[in-house]
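Notes follow the structure.
The values are calculated or read from the model by the stated rules, or taken from the named source; none is laboratory data. On a predicted model such as this, the values are computed, not experimentally measured, just so you know. Cβ: placed from backbone, ideal geometry, glycine included. Neighbour counts: every protein chain shown. In case anyone asks, the SASA skips ligands and DNA or RNA and just uses the protein heavy atoms, side chains included. Shrake-Rupley method; radii C 1.70, N 1.55, O 1.52, S 1.80 Å.
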Amino acid sequence: MNPFFARLFGAGRFALLAVLLGVTLAGCGVNNIPTQEEAAKAKWSQVLNQYQRRADLIPNLVETVKGYAKQEAQVLEAVVAARARATSVQVPADIVTNPEAFKKFQEAQSQLSASLGRLLAISENYPDLKSNQNFLALQSQLEGTENRIAVARRDYIEAVQAYNTELRTFPGMIWANTLYKSNKPMETFTIAEETKRPPQVKF
Amino acid sequence: MRQVLATLAILCALIAPTRAQWPAIPATSELPALTGRVVDEANELDAATREALRQKLAAHEAKTGNQIVVATVKSLNGSSVEDYANRLFRRWQLGLRGTNNGVLLLHAPAERKIRIEVGYGLEGTLTDAIGKYIIQNAITPRFKANDFAGGLTRGVDDIIKVLDGGAEEFKQRVAPRIPPAWLRLAEEGWPLLFFLAFGIIGYMSRGRPSRRSRRGGFAYASSSDSWSGSSSSWGSSDSGSSDSFSGGGGDSGGGGASGDY
């Protein structure tokens, strides 16, 4: 055979092999880990957004309640303090793979949830406050935000579940141990918190 | 080595399609199917009401593109109404992809719960507070009297009114008028207020019709012009015939309001 053709054939075989390799690799989900990592990160930023939104609502709520229920200073101060703690908690860039930071964040937020729940509960005792338009509007916004937080958390949990499963099962495991050695499983919210419902207020 | 790679590749190729078929989302089989703009699974509406609602909703979509769906369900299957409504909304994908302009009005008679679930794109117009207001004023009183048709119809009317340019009117009814900032100032920092007042008087007495003095008032009270009675302009040549209806790929992040009665 003409050596030229032999070389061409050789190169062709190489290209063919490369294409085949690419197809099988894609079929093996070589892209799954980074794709799912990005998805989970996006869900996480949604969680942060919604918690921030809640924190932003609180000063107005506290002011409004103060106007009608000054004697509840203790509960009000607890909310203000819990908000301060929750907003001052460090959120490092690697929080989703950093169990300690994640736990701290979660604790601060659930403390804030608890103190907000108490605030809404005591507001039941003040008819004037309950019929105040400002309060009603803020309350519905807070309820809505708590629900958005619940949805964002649920989405995040699902995304992390998919990502962590990909890291630990075949064939994702292969890529996790070769190409993506630095990818760690992500932290997720504990179920106990999920069963809590947003504060419901009866009228 | 080559053999190992080859086996691996074959294994992958075999496994890839099966992996794709694994359900990514937990089973949602208990959710009702989207059979139209009015999904009356709990069977609480008469045919005439259903048809009237359907026409209103179709006309609204023709005019604004917003997809509103009314649903009654037999049971929430133990979920909270918020969780159920969000999953149902996402299953049905109300509103357009990217625009997310869908609204779901859900009633669960067994649990006595109501929810207005709002897609991302309409959260700014049909706010949580307005949703709550509609539930409490248009829907709940009628539901308490077992007038489900009336409650849902009024609820839909109000939602349409809000989305069709009437949002300002509702906002005025429910808005947290934001003066707490200056109330606080008046309470604790009135010397500063004095200073400010004199400053403004001084500024105005220089004879300039300043922008600032206009801005000082409440922006809410002004500009109710957007309320231009469009609310009853439907009925104009409704397509009527095409009953096939499906979601456009919209998403919701849990915006809206809920209530019970």
Could you count how many residues in the stretch B:68-90 are within 14 Å of chain A (Cβ to nearest Cβ) and in contact with a Leu (Cβ under 8 Å, 6 or more places away or on another chain)?
-> 6
Among the residues of the stretch A:148-191, the number that are in contact with a Leu (Cβ under 8 Å, 6 or more places away or on another chain) and without any contact (Cβ under 8 Å) to a residue 60 or more places away in the chain is 1
Which of (1) open to solvent by 40 Å² or more (accessible area, probe 1.4 Å); (2) closer than 17 Å to A:N60 by Cα is the odd one out, the single condition A:L116 does not satisfy?
-> (1)
Residue check: is B:R115 open to solvent by 80 Å² or more (accessible area, probe 1.4 Å) and at pLDDT 90 or above?
-> no
Those residues that are among the hydrophobic types (A, V, I, L, M, F, W, C), more than 10 Å from chain B (Cβ to nearest Cβ) and open to solvent by less than 10 Å² (accessible area, probe 1.4 Å), I need them from the stretch A:135-179; list them, please.
-> A:V160
Could you list, in sequence order, the residues of the stretch A:119-134 that are more than 8 Å from every other protein chain (Cβ to nearest Cβ) and assigned to a helix (DSSP H, G or I)?
-> A:L119, A:L120, A:A121, A:I122, A:S123, A:P127, A:D128, A:L129, A:K130
If you take the residues of the stretch A:47-80 that are in a helix (DSSP H, G or I), over 24 Å from A:R148 (Cβ atoms) and among the small types (G, A, S), which of them is most open to solvent (accessible area, probe 1.4 Å)?
-> A:G67
Single unsatisfied condition, A:A55 versus (1) under 30 Å from A:P127 (Cα atoms); (2) at the interface with chain B (Cβ under 10 Å from one of its Cβ atoms) | (2)
Boolean, B:I159 is open to solvent by less than 20 Å² (accessible area, probe 1.4 Å), within 14 Å of chain A (Cβ to nearest Cβ) and in contact (Cβ under 8 Å) with a residue 60 or more places away in the chain = no
Pick from the stretch A:23-46, criterion among the small types (G, A, S) and in a helix (DSSP H, G or I), ranking: nearest to A:Q141 (Cα to Cα) | A:S45
Answer from B:N77, B:N137 - the residue that is at negative phi, open to solvent by 30 Å² or more (accessible area, probe 1.4 Å) and either of a type in the set (S, T, N, Q) or within 11 Å of the chain's Cα centre (by Cα) (or both) = B:N137
